[in-house]
Amino acid sequence: MQARFMQLLLNPNAIYVVVSEILDQGRNFGRAAPNSGPRVQVEFVSANPTGPLHVGHGRGAAYGATVADLLEAAGYEIEREYYVNDAGRQMNILAASVWLRYLEELGAELTFPSNGYQGHYIRDIAHRLVVDHQNRFEHPVTAVFADLPADEPQGGDKDQYIDAVIERAQQLLGDDYEFVFSAGLDSILGDIREDLSEFGVDYQVWFSERSLTRSGDVDTALNILESKGHLYEQDGNIWFRSTAFGDDKDRVVKRANGQTTYFASDIAYHMNKFDRGFDQVINIWGADHHGYITRVKAAISALGYDPERLIVKLVQFAILYRGEERVQMSTRSGSFVTLRELRDEVGKDACRFFYVTRKSEQHMDFDLELAKSESKDNPIYYIQYAHARVCSVLRKLEAEGLRWDQASGIASLALLDSEAEKDIITKLSRYPEVLTSAALNHEPHQLANYLKELASDYHTWYNGHKMLIDEVDLRNARLTLSVAVRQVIANGLELLGASAPEQM
RNA sequence: GCGCUCGUAGCUCAACCGGAUAGAGCAACGGCCUUCUAAGCCGUAGGUUGCAGGUUCGAGUCCUGCCGGGCGCGCCA
């Protein structure tokens, strides 16, 4: 930085140096040396594996993946992790739902619990169970529903009812209950994994909540809190005195029936994270979880770790629009738009780009029509088109039997001395700092906006200057700058999870 | 009710941990195709940064109050 600054003072041609740096370094231009920075874990999405991901998860996925990729490009050693909430009541409801649909597949006639999972994907899982295991899990309907309390439509309590169904399933299935449970979990988790992978989001670690109980981490964490005097008993429950660390109220970690709470798992999970030696732990949560930040940080402090090392980024939900019309979504009624449907309709590149083009904590409107449109109105197409345009010119060049001479182009860069050209070159030289700033501030939109500007500058310049001209030196200079722009756009698009097409 | 968060052009958003006349893109209006992709380019117009105070040499940015939107306030996960 210092050196280049000196060069700028001493030599007006120094601004051109960046062009050859870009061409020399290619994909690595703007990147720091790999693993030269802190070791950081980024945990994101972590949606309950009770159904497919929807568009709300999509924003967290795109944001988390991009922040992780940006930090990695900035030299951080990154571990991407998905926390699998595979313990708890919701998962049992899933297992019971699968089982009942399985019985229906075998011909049983029954009334599905009002609190069960209604989605069609449950039937698909049940169907596979029948195909693979025939009637192995079958029990007479009379035995299944004998002496159960009333469901809500019959004037009962839907929660009590579904709990009774779960208990009955466990009684009748015995060891096979775990099998049905796993069939549901594995199927949905597999679907989520595939969905994310197709979205360009891949994890190093899938961390199971149940493993925390099995490994004894939950007990260990509670024992540590106990030994430090942060727990107390009241009404038969064990409470964590989180108010001592700024929380509004104390929190139960173990119920009177001996069951630990989800929060206890969370305490153990964060202890586990810190014990793995990360310099920094980044949690990306939906905005509806903001109330948990205080208590989790309280637990981290109580365990003796520095809560400053935990960074929680909240992501607001996106509201889908189809043109003017708002797309209604309701998870309960099952009328939600899945991430897969969104990808199918809009395409991965536009999805990834649109999601991160706004600050994460900002509410955003996601316009499906705009994301799909193939015009300059659509920023992702606009940027990709700048890239394709350069490729197109090079193809045309070749078709005319000409060659791009890079060395000649570099040597002739000083011919590009208009303000527009210098602006483009200056903008190119800013790329590394934009990348670093976007990474360290966890603000991918900085890079997205930069790419829009660069593409705009390039389109403007391109429109006013013909590339394929007879003057060889000037032609090579223009092509060289074009290729440098193409490289930086490709680098930026890669970090945003979008492709850089050679033709459109 | 309490807490968190957001409020910037008609619309969607920027503004580099307070710094100079608050910037883009859509939409609107006016131009540019015998020429490498018009999937593009140029120009014009558009703002009392929700409101009212305060701190500061300086506030979209920090503080207080109010108004409005979103979210949260389980021995659910």
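The values are calculated or read from the model by the stated rules, or taken from the named source; none is laboratory data. None of these values were measured; they are calculated from a predicted model. Please note: Cβ atoms are built from the backbone with ideal geometry, for glycine as well, and neighbour counts cover all protein chains shown. Note: areas computed on protein heavy atoms with side chains; ligands, DNA, RNA excluded. Shrake-Rupley method; radii C 1.70, N 1.55, O 1.52, S 1.80 Å.
Output the residues belonging to the range A:452-473 that are open to solvent by 40 Å² or more (accessible area, probe 1.4 Å), of a type in the set (Val, Ile, Thr) and either outside any helix (DSSP H, G or I) or within 6 Å of RNA strand B (Cβ to nearest atom) (or both).
Passing the criteria: only A:THR460.
Got at least one residue in the range A:393-404 being surrounded by 20 or more Cβ atoms within 10 Å (Cβ to Cβ) and not hydrophobic (A, V, I, L, M, F, W, C)?
Checking the range A:393-404: not a single residue is surrounded by 20 or more Cβ atoms within 10 Å (Cβ to Cβ) and not hydrophobic (A, V, I, L, M, F, W, C).
For A:VAL488, are the conditions met, namely being in contact (Cβ under 8 Å) with a residue 12 or more places away in the chain, open to solvent by less than 50 Å² (accessible area, probe 1.4 Å) and either closer than 19 Å to A:GLN25 by Cβ or among the β-branched types (Val, Ile, Thr) (or both)? Before you say what the answer is, go through the steps one by one.
Numbers: in contact (Cβ under 8 Å) with a residue 12 or more places away in the chain: yes; open to solvent by less than 50 Å² (accessible area, probe 1.4 Å): yes; either closer than 19 Å to A:GLN25 by Cβ or among the β-branched types (Val, Ile, Thr) (or both): yes.
Yes.
Yes/no per residue for (1) away from RNA strand B (no atom under 16 Å from the Cβ); (2) closer than 30 Å to A:ARG358 by Cα; (3) surrounded by fewer than 16 Cβ atoms within 10 Å (Cβ to Cβ):
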position: A:ASP69; (1), (2), (3): yes, yes, no
position: A:ILE78; (1), (2), (3): yes, yes, no
position: A:GLU81; (1), (2), (3): yes, yes, no
position: A:LEU110; (1), (2), (3): yes, no, yes
position: A:PRO113; (1), (2), (3): no, no, no
position: A:HIS127; (1), (2), (3): yes, no, yes
position: A:VAL131; (1), (2), (3): yes, no, yes
position: A:GLN154; (1), (2), (3): yes, no, yes
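Among the residues of the range A:410-439, which ones are modelled with pLDDT under 90, surrounded by fewer than 16 Cβ atoms within 10 Å (Cβ to Cβ) and more than 9 Å from RNA strand B (Cβ to nearest atom)?
Within the range A:410-439, A:ASP417, A:SER418, A:GLU419, A:LYS422, A:ASP423, A:THR426 qualify.
Condition check ((1) surrounded by 15 or more Cβ atoms within 10 Å (Cβ to Cβ); (2) farther than 18 Å from A:TYR292 by Cα; (3) among the aromatic types (Phe, Trp, Tyr)) across all residues:
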{"position": "A:GLU209", "(1), (2), (3)": "yes, no, no"}
{"position": "A:ASP217", "(1), (2), (3)": "yes, yes, no"}
{"position": "A:ALA244", "(1), (2), (3)": "no, no, no"}
{"position": "A:ASN257", "(1), (2), (3)": "no, yes, no"}
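Somewhere in the range A:111-125, is a residue part of a loop (DSSP other than H, G, I, E, B) and farther than 19 Å from A:MET91 by Cα?
Yes: one or more hits.
In the range A:263-300, which residue that is without any contact (Cβ under 8 Å) to a residue 40 or more places away in the chain and out of contact with any strand residue (DSSP E or B) (no Cβ under 8 Å at 6 or more places or on another chain) is surrounded by the most Cβ atoms within 10 Å (Cβ to Cβ)?
Selected residue: A:ASP266.
So A:SER482 fits all but one of (1) more than 25 Å from A:GLU72 (Cα to Cα); (2) of a type in the set (Ser, Thr, Tyr); (3) under 24 Å from the mean Cα position of the chain (by Cα); what number is the exception?
Going through the list (1) more than 25 Å from A:GLU72 (Cα to Cα); (2) of a type in the set (Ser, Thr, Tyr); (3) under 24 Å from the mean Cα position of the chain (by Cα), A:SER482 breaks only (3).
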